[in-house]
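Every number here is computed from the coordinates shown, using simple stated rules; none is lab data. Note that this is a predicted model, so its numbers are computed, not measured. Every residue, glycine among them, receives a Cβ derived from its backbone with ideal geometry; neighbour counts consider all protein chains shown.
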Amino acid sequence: MWKTLAGRRMQMQLVLICITGLLIAALSVFLISDAVRGAEQIVLGDAVKAVDAAVEELSAQEADRAEQEADWNGLALELKDVSLRGVSQAVLRSYPGVEGGYWWNSEFLGYAFPTHINPEQKTDVPAAESNEIRAAAEESRRIASARRIVRGSGEAVVIAVRYHDNTDMAAWAMKRVSGLGDARQQRRRLWLAALVSAALLSLMATLATAAGLERGVSRIKQGLAVLERDYQHRIPETLDELGHIARAINQMVVRREALEKELRREDRLRAMGRLVAAVAHEVRNPLNGMRLAAQLLKKQMAQDRPDGRQLDSIISEIDRLEALVREFLAFDSDRPPSMAFQPLRPTVARAVKLVDSQAARLGITITMDEQGGEASACFDEGHLTQVLLNLLLNAIESQGSGGWVRVEIGGGNRAEIRVTDSGPAIPPDEQERLFEMFYSNKPNGAGLGLAVSRELIRQMGGDLTYDTHQENASFLVRMPRANHGE
Amino acid sequence: MKRLAAFLVVALIAPAFVSGQNKGVKKKKKEEGPPEVRLAQRIEKVRNRLAEVAVPDNAASSLEASASQYLGEAERRLAGGQLPAAEGLTQAADALTRAVDHIRHSRDVNRTDYPSRQEQAAHLERAYFRLQQAGYFQAQSKDPRAKHLVQAARQFYQKARQAYDRRESRDADEFTKVSEEIVKALEHLAHTSTPVREPPRLK
């Protein structure tokens, strides 16, 4: 189950991003509503403080008047109202947005709202709140002071009342706070905040996903670049969707390796087939010789004059056949190269000997030359023989009848074997494709020989190239002097 | 009406005779008679005191003039049966008379019993608060003549404040009281223009 989930990492990532986005949107809603509530509390708190301070001052000023003036309590109601309005006007001028007055003997007295936009118009207690004020004033008679917060749609009204025992007068103050808890506006704000949060989150998630894709694609590109040089390299197979691609590429590489192995084997079979055709004549010669010697010996034995030289001839021809068989067995397919540091000349000579009779039939002369002393290198005898056979047979087959093939052994830091024939140089447009798989300029050619030959030489640490500086077709095999891998 | 006139005559003459006899003796007389009579007596008392406290000072003269005006109007209102208005005007004149008296006291260099500096500060604060109401009272009085009283109250408050800063306790105390009395006068004038439901009279 874990592997299944891991294989769908990007899908899971997107699902998680969506869930996280929703959670963050919800969190934003809560945080913003909390902040709004907090802001409301602060605004209400300020209003409460202002109203409390105003009502304290109103009460104190009225008490001071009562104390200073002996006839204060005896004033007629209307006159007291005028005097108290003067007090309210003076007190509430310092409290913006606060209106207030007094409650005495079940009457509202001294109402004022001096900080109103049109204070002249505000002469009466607000009808909507008068009951609340009245109730708070009655409550304050029992507990000295009372406060109420009345909430409406989008606003709140803070009312405070302070009762003065000595004068039996209750001072009251009130302030409206608007812009609070308007449910529709609040919902709109919350939705907007949630949408903004979700949009930001989506943008971040998209960027993160794009970065992840970029990294994954870059990893695959680097892996492919290495694969071009080294077929043993494998692209790291991550657990996400890009890992599937990497796994597919690695499987393709494995199949290609197997295919190339098969192709090399086929190439060896084809080379062997060509060799079989070439050496079939070689086998016929010793067989004919053996037959002739056996017939002669039979005649001599009938005449009671056996000649031992006939048996020597037969044994010699058998040895010759045995050598031919040994050469065939050198084409052991699918075995890893068995490297050994050894002179090149014997292996080259053996390959030349295998194709010599075929070349002779076509009138082609094969010469072998070694310069600069004995050249040695580290190589697998069988694989090098296969490559040389391939080059020699190509040289022979490309000339028809007549001509020559020259094999030169030499080299400096590296041991070299050059195979040149008397045919013209290969055209430049064909040179580029010489070592491509399945490319051939022969009607019945499979196009595997040179590609496989180069691969075999490279496995031994050397290289097979076409020499473009020669007038004739010339292939160069370079082999390392030291053991491959040392 | 005749009855009223008769009582007025008695009310005006008697106190003048008595005051001449009892000069210098502060004695609170028990008010007698119906409200109109008592008011008439009070008007006279205020007038007499106004004459006593006259001060050769421009500001004081202005206040004196206003007080006389309001006393005259009080008498007219009383004669017209507007008792509440007459009372208000009388009280306004009385307050202005006290204001003039305080101006006079500010020149009394023998006085030494002044409140402490802290008490003066508290007094100034109260006076300042009362001053904030002067404009309202004047507007309520609907009396354009009273506008100069608002200005006068402010000027005397400023003088009191400056005297306080100079540590001149006598002037600080007296001028504060002048300012308060002027505002009180304005308040009474505001009362004058306020209709009051008179309680039913017992017959």
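Residues in region B:150-163 carry Karplus couplings, in order, of 4, 4, 4, 4, 5, 5, 5, 5, 4, 4, 5, 5, 5, 5 Hz; the curve used is 6.51 cos²θ - 1.76 cosθ + 1.60 with θ = phi - 60°, and Gly or Pro positions show x. Put the Cα centre of region A:1-71 next to the Cα centre of region A:80-114 and the gap is 34 Å. Proximity of backbone amide H atoms, modeled 1.01 Å from N, is registered between A:Glu370 and A:Ile409 at under 5 Å, excluding neighbours fewer than 5 places apart on the same chain.
When B:His188, B:His105, A:His469 are arranged by Cβ crowding within 10 Å, least crowded first, meaning fewest neighbours, the order is A:His469, B:His105, B:His188. If only the Cβ of Lys and Arg carry +1 and only the Cβ of Asp and Glu carry -1, the dipole of the protein assembly as shown around its Cα centre is close to 2440 debye.
Quick note on region B:34-192: its Rg to Rh ratio, both from C-alpha atoms and Rh being the Kirkwood radius, is 1.00. Listed by Cβ neighbour count within 10 Å, with the fewest neighbours leading, A:Asp429, A:Asp240, B:Asp94 appear as A:Asp429, A:Asp240, B:Asp94. For region A:378-384, putting each phi into the Karplus relation 6.51 cos²θ - 1.76 cosθ + 1.60 with θ = phi - 60° gives couplings of 9, 7, 9, 4, x, 5, 5 Hz, in residue order, rounded to whole numbers and with x for Gly and Pro. Projecting the Cα atoms of A:Ala208, A:Ala50, A:Gly110 onto the dipole axis of chain A, where Lys and Arg carry +1 and Asp and Glu carry -1 at the beta carbon, places A:Ala208 farthest toward the positive end. Mean separation of Cα pairs under 8 Å and 6 or more residues apart, divided by the residue count, gives region A:336-486 a relative contact order of 26 percent.
Neighbouring Cβ atoms from other chains, within 10 Å of the Cβ of residues in B:126-132, number 4 on average.
Which percent, nearest 5, of DSSP beta bridges in chain A are antiparallel? Of those bridges, close to 90 percent are antiparallel.
Placing unit charges on the Cβ atoms of the charged side chains and taking the dipole of the protein assembly as shown about its Cα centre, the candidate lying farthest along the positive direction among B:Ser62, A:Gly100, A:Val161 is B:Ser62. Here the sum of -39500 (n - 2.57) over DSSP H runs of 4 or more residues, divided by the residues of the protein assembly as shown, equals -21500 deg cm²/dmol at 222 nm, to the nearest 500.
The ranking of A:Met479, A:Met339 from fewest to most other beta carbons within 10 Å of each one's beta carbon is A:Met339, A:Met479. In percent, rounded to a whole number, the relative contact order of chain A is 10, using alpha-carbon pairs under 8 Å and six or more apart.
Evaluating 6.51 cos²θ - 1.76 cosθ + 1.60 at θ = phi - 60° for every residue in region A:19-31, the Karplus couplings come out as 4, 4, x, 5, 5, 5, 4, 5, 4, 4, 4, 5, 5 Hz, glycine and proline recorded as x.
For chain A, find the longest principal axis of its Cα atoms and tell me its angle to the long axis of helix A:183-229, 0 to 90°, nearest 10. Long axis of A:183-229 versus the principal axis of chain A: about 10 degrees. Close amide H pairs (under 5 Å, H built 1.01 Å from N) link A:Gly154 with A:Asp182, A:Ala183, residues at least 5 positions away or on another chain.
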